[in-house]
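Let me begin by presenting the structure, written as structure tokens, before commenting on it.
What follows draws every value from the coordinates through simple rules; no lab data is involved. All values reported here derive from a predicted model rather than from experimental measurement. Backbone-built Cβ (ideal geometry, glycine too); neighbour counts: all protein chains shown.
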Amino acid sequence: MKKTLFICSFFLLTNLPTTAQNEYLNDFLTSDFHKHRREALRKQMPNNSVAVFFSNPVRNRSNDVNYIYHQDPNFHYLTGHNQPHSMLLVFKQPVEINGQPMNEVLFLRDRNALAEIYDGERMAVNEVKAELGINNAFTSTVFEHFNLDFKQFDRVSFYDFFDDYRDHPESGDLYEIVNHFKQKVGYESSNNLEIEPKGNNIDLVTLDSIMISLRGIKTKEEISLLRKAVDISTLAQAEVMKAMKPGLSETEIQGLHEYIFKKYRAEYEGYPSIVGAGHNGCVLHYIDNYKPRIADGELILMDLGAEYHGYTADVTRTIPVNGKFNKEQRLIYDLVYEAQEAALKLCKEGTYFDDLYQATLKVINDGLLELGVYENLNEETIMNPQTGRNRYYPHGCCHHIGLDVHDKGEYDELEENMVITIEPGIYIPAGSPTDEKWWDIAVRIEDDFLIQKEGCELLSDKAPRKSSEIEKLMTQPSVFDSLVLPELEEK
Ligand code: GLY
Ligand code: MN
Ligand code: MN
């Protein structure tokens, strides 16, 4: 939708005064970007193969209300077409269809005047070439009788189906095109994860490895959108730090962050925001954000990432609600900081992902021993037998970010132009086998890095990471200090 909005806006607004045109963002990925990505895919595809991609399903929220539509990241990456009920075919070599050589085909949902009153304009088949740079387009309803024999290919590569879409009343919906596709290629079940030995050309393996290799290394256009997403997220985190005070609710803090990132025109949360005060910080993916009054003396862990034109930041800050870390909080905080620093010193092309994790783990284990949180570093002490994970640092430290918050990419050696997080954490829930003074301290520090040949660039530097710098920023006034809303009257 976003892309379409931009393209339509561009053509519709060219006669408006410049100031009005400037109100529309113009830094979306171009059709050339998507075309080059399809070319890069084609280059890696096996001989005489076709790659098939489907748009994401529309998800129902309840009754006749759907969740906001979000395109499948691979589909967006390869087409820029962000409307549902669509399908893309990319051929390794041009294929003759209806007497025409075609190297790619987009199927998209037909126009529908009534539906468009509610949901907005759909792209028409005859607009695809000019707006998306894809030469061949048909409505999805055409696919059933489309003149293409999938048996001619050595491989028909696609992602396995989760079968989690519903049948919509309109013909040519995703449900229909997937079913026609399954019949055409002889797909029966989702269990044949390898190329079938019985002459079946279905290939459920190759495509993901190609998409991993493509999406893991960011182009300059992607890096520029990621920079923007991260800048916006961290500017908003810094404003939230200034606004923080006891008595706010977790959801209100989430709302402040969202208001600010939307002010900077980031469209969505890249993942559900995590805002956990006190014990809630120990729940790694705590997204309820329900605590009505955060308390003086608590820490609050805020894992917040704005999505800008499809690309998401992933940044965590942990701060003292009242602006001052107490002794134990500061000791744990500074230890997590030290762990992150140890990893980022190694962070450059050629380092292994696992080296980063081991560097953070060593600092955390040794530090917790030194602080007396652990009595020793025996296996039984540092491992939680119920989870099989490290007791107080139970997650990995790094992942790619991009169109997905946990983005596609290789997890072997770092390469130039990967964009990754480094996110060590220590979580000591109440009841843990250590002195009560440590209980319910939860700290994660998560930052985003652009990998370079000789080092890495910290992208998320607009929100402070050091305990002393956080405390300093929290003494500054906030634009929200004067925000007073009327009380809700009891009726
Ligand atoms: N926000 C999820 C994560 O940090 O991986
Ligand atoms: Mn993360
Ligand atoms: Mn995160």
Inset, instruction - Take every Cα pair under 8 Å in the range 195-332 that's 6+ residues apart, average their separations, divide by the length, and report that relative contact order as a whole percent. - result: 26 percent
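Taking 41 Å as R0, compute the FRET efficiency from the Cβ-Cβ separation of Y69 and N390 and round it to 0.05. Mind dumping the intermediate values first?
Details: r = 38 Å, r/R0 = 0.94.
Step by step, r from the Cβ atoms, then E = 0.60.
Which of the three applies to the range 324-444, rounded, prolate or oblate, going by the alpha-carbon gyration tensor with a ≥ b ≥ c and a/c under 1.5 meaning rounded? Show your work: numbers first, answer last.
Working: a/c = 2.04, a/b = 1.84, b/c = 1.11.
Cα axes put the range 324-444 in the prolate bin.
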Legend entry - Spin-label zone in the range 38-60 - amide nitrogen under 18 Å from a point set 7 Å from the Cα of S213 along the C-beta vector: 38-52
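Relative contact order of the range 240-289: what whole-number percent is it, with Cα pairs under 8 angstrom and at least 6 residues apart?
Values: 34 pairs, mean separation 16.3, N = 50.
It rounds to 33 percent for the range 240-289.
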Inset, instruction - Assign unit charges at the C-beta atoms only (+1 for Lys and Arg, -1 for Asp and Glu), then state the dipole size of the range 228-323 relative to its Cα centre in Debye, rounded to the nearest 20. - result: 260 debye
Inset, instruction - Enumerate the calculated ³J(HN,Hα) couplings along the range 479-491 in order (Karplus 6.51 cos²θ - 1.76 cosθ + 1.60, θ = phi - 60°), each rounded to whole Hz, writing x wherever the residue is Gly or Pro. - result: 4, 8, 4, 8, 7, 10, 9, x, 5, 6, 7, 6, 9
Inset, instruction - Scale the Cα Rg of the chain by the rule-of-thumb value 2.2 N^0.38 Å and send over the ratio, two decimals. - result: 1.09
Legend entry - lysines whose Cα lies under 21 Å from that of K151, excluding same-chain neighbours fewer than 8 positions away: K92, K182, K184, K198
Legend entry - Length-normalised contact order of the chain in % [C-alpha pairs under 8 Å, at least 6 apart]: 13 percent
Inset, instruction - Provide, in order from the shortest bin, the percent of all Cα-Cα pairs of the range 263-410 in each 5 Å bin, continuing until the bin that contains the maximum pair distance. - result: 2, 8, 14, 17, 20, 19, 13, 5, 2, 0, 0
Legend entry - the range 45-88 shape via C-alpha gyration tensor axes, a/c threshold 1.5: prolate
Legend entry - Ranked by how many other beta carbons lie within 10 Å on average, peptides 306-316, 454-464, 142-152 from highest: 306-316, 454-464, 142-152
Legend entry - Given charges at Cβ of Lys, Arg, Asp, Glu: the range 110-240 dipole, positive-most of N179, T139, N200: N200
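Would you mind classifying the range 116-243 by shape? Square roots of the alpha carbon gyration tensor eigenvalues, ordered a ≥ b ≥ c; an a/c under 1.5 is rounded, otherwise it is prolate if a/b is larger than b/c and oblate if not.
Numbers: a/c = 2.09, a/b = 1.52, b/c = 1.38.
Cα axes put the range 116-243 in the prolate bin.
Between E328 and Q152, what length in nm is gained on full extension when 0.36 nm per residue of separation is reduced by their alpha carbon distance? Before the final figure, lay out each step's value.
Numbers: separation 176, 0.36 × 176 = 63.36 nm, distance 6.71 nm.
Roughly 56.6 nm would be gained on extension.
Count charges around E176 for me, please; just the other residues with Cβ under 10 Å from its Cβ, Lys/Arg as +1, Asp/Glu as -1.
Working: positive: none; negative: E144, D167, E170, D173.
Result for the neighbourhood of E176: -4.
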